[in-house]
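One structure is given here, and the rest of the page talks about it.
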Amino acid sequence: MVDIWKHGTYLDLWSIVHILSGALLASVCFYFGFNFFWSAVVTFFLVVLWELFEVLLKINEPKKNMLMDIIIGMVGFYIVGYLHFSKGWPWSSEFFFSLLFVTLGLSFWGFLDFTKRGYR
């Protein structure tokens, strides 16, 4: 069986979850009317907080991967921020719930694999 959820040095399948999470956080911030700057600050804070939470859970991943998770999360934020502010895309419940569904689905799949294989 292919081990697709194992942490890579820089990127891994979890990178998709991180980019979607950054996009999801951007969507939440824009829904509440935050401007681009404060949306970026809130998203960055939450993405970093998540990585610290993983450390507390003793999820061992390479430091380079942790840094890339933060960068990838912010890339997701900037993609949605660009579409929202530069291209005028309005907030959409369909977009938000689609992101939420895919992000939670991938996270749950990864979590199941994590518990089955015992990555730490």
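Give me the log10 of I(q) over I(0) for region 3-107 at q = 0.23 Å⁻¹, as the Debye formula computes it from C-alpha points; what are the numbers?
-1.22
Might you tell me the accessible area per residue for the chain, computed with a 1.4 Å probe and given in Å²?
Heavy-atom SASA per residue in the chain reads 63 Å².
Go through TRP50, TRP14 and list them by solvent-accessible area, largest first, probe radius 1.4 Å.
So, going from the largest accessible area down, we get TRP50, TRP14.
For the chain: lysine pairs with Cα atoms under 25 Å, gap of 8 or more or different chains, count?
7
If r is the Cβ-Cβ distance from THR115 to LEU67 and R0 is 30 Å, what FRET efficiency results, to the nearest 0.05?
For THR115 and LEU67, the calculated efficiency is 0.75.
Tally up the carbon and sulfur contribution to the accessible surface of the chain as a whole percent, 1.4 Å probe, everything protein left in place.
75 percent
Sum -39500 (n - 2.57) across every DSSP H segment of at least 4 residues in the chain, then divide by the residue count to get the 222 nm mean residue ellipticity, nearest 500.
-24000 deg cm²/dmol
If you count, for each residue, the other Cβ atoms within 10 Å and average over each peptide, how do 94-100, 56-62, 37-43 line up from highest to lowest?
By packing density, highest mean first, the sequence is 37-43, 94-100, 56-62.
The values are calculated or read from the model by the stated rules, or taken from the named source; none is laboratory data. Worth saying up front: this structure is predicted, and the values here are computed from it rather than measured. Backbone-built Cβ (ideal geometry, glycine too); neighbour counts: all protein chains shown. These area figures cover heavy atoms from the full protein model, side chains too; ligands, DNA and RNA do not enter into them. Shrake-Rupley method; radii C 1.70, N 1.55, O 1.52, S 1.80 Å.
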